[in-house]
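Participant: I am attaching a structure below and will ask some questions about it afterwards.
All of the numbers you see were taken from the coordinates with simple rules; none came from a lab. Computed from a predicted structure; not experimentally measured. Positions of Cβ are backbone-derived with ideal geometry, glycine not excepted, and every protein chain shown enters the neighbour counts.
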Amino acid sequence: MEIHPAKDGGFMIAGGLIDNLDNFKKVPFTMFFDADGEIVGTHEPAHRYYDFTIYGNPGREALRIMARFEGMEIFLQVVNAMGQPMLRHRMTEGMNELDTSVWPSGTYLMSITDKAGQVLWSQPWIRE
């Protein structure tokens with residue numbers, strides 16, 4: 001689950017729920033709150049299944065992500081600590097292995113987005 005500040009003083013929570021009525025698929029949701037903490041909106045897209053697992057965090061020579069998703073076009077974007085883009089990659093089902101051997105050591109932010117650019121998942125990754 002992620003919490004993001006909004007420009008109006010409120011915040012947004014984005015995460016995933018496990019739907020035990022639909023083979024335990026992960027269903028994304030978003031909740032919007034105003035500056036007083038009151039819920040001002042929610043969004044639950046149609047049941048889209050996705051799951052991502054990082055192998056090797058911290059890592060060194062490669063960034064490895066196991067991706068499972070149904071009927072979606074998914075992209076991985078990685079930025080460094082300065083916010084500079086390092087990588088944009090169209091994900092495939094299964095293991096995605098991306099060469100990071102020339103990247104300097106440091107912390108990177110990985111974001112997985114759908115075709116429209118909506119962030120579905122993000123997590124820091126450390127290159128040793």
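Participant: Collect residues whose amide H, placed 1.01 Å from N in the peptide plane, falls under 5 Å from the amide H of Gly10; neighbours closer than 5 in sequence don't count.
Facilitator: Ala35
Participant: Name the residue from Thr30, Gly10, Phe69 whose Cα lies farthest towards the positive end of the charge dipole of the chain, charges +1 on Cβ of Lys and Arg and -1 on Cβ of Asp and Glu.
Facilitator: Final value for the positive-end residue is Phe69.
Participant: Give me the percent relative contact order of the chain, please, defined on Cα pairs under 8 angstrom at least 6 residues apart.
Facilitator: Worked out over the chain, it gives 18 percent.
Participant: Can you give me the long-range amide H partners of Met86? Hydrogens built in the peptide plane at 1.01 Å from N, cutoff under 5 Å, separation of 5 or more residues or another chain.
Facilitator: Amide H neighbours of Met86, under 5 Å, 5+ apart: Val78, Val79, Asn80.
Participant: In nm, give the distance between the simple-model label positions of Gln123 and Ile39, each being 7 Å from the Cα along the Cα-to-Cβ direction.
Facilitator: Rounded to a tenth, the inter-label distance reads 2.7 nm.
Participant: Among Thr53, Trp125, His89, whose Cα lies farthest out toward the positive end of the dipole of region 50-127, if unit charges sit on the beta carbon of Lys, Arg (+1) and Asp, Glu (-1)?
Facilitator: Trp125
Participant: Next question, about the same structure. Can you compute the charge dipole magnitude of the chain about its Cα centre, using +1 on each Lys and Arg Cβ and -1 on each Asp and Glu Cβ, nothing else charged? Give it in debye, rounded to the nearest 20.
Facilitator: That gives a dipole near 440 debye.
Participant: A further question follows. Decide, for the chain, between rounded, prolate and oblate: order the square roots of the alpha carbon gyration tensor eigenvalues as a ≥ b ≥ c, take rounded if a/c falls under 1.5, and otherwise choose prolate if a/b is larger than b/c, else oblate.
Facilitator: oblate
Participant: What's the extension gain from Met66 to His4 if we count 0.36 nm per residue and subtract their Cα-Cα distance?
Facilitator: Full extension from Met66 to His4 adds 19.8 nm.
Participant: Multiply the residue gap between Glu73 and Glu97 by 0.36 nm, knock off their C-alpha separation, and tell me the result in nm, one decimal place.
Facilitator: Roughly 6.9 nm would be gained on extension.
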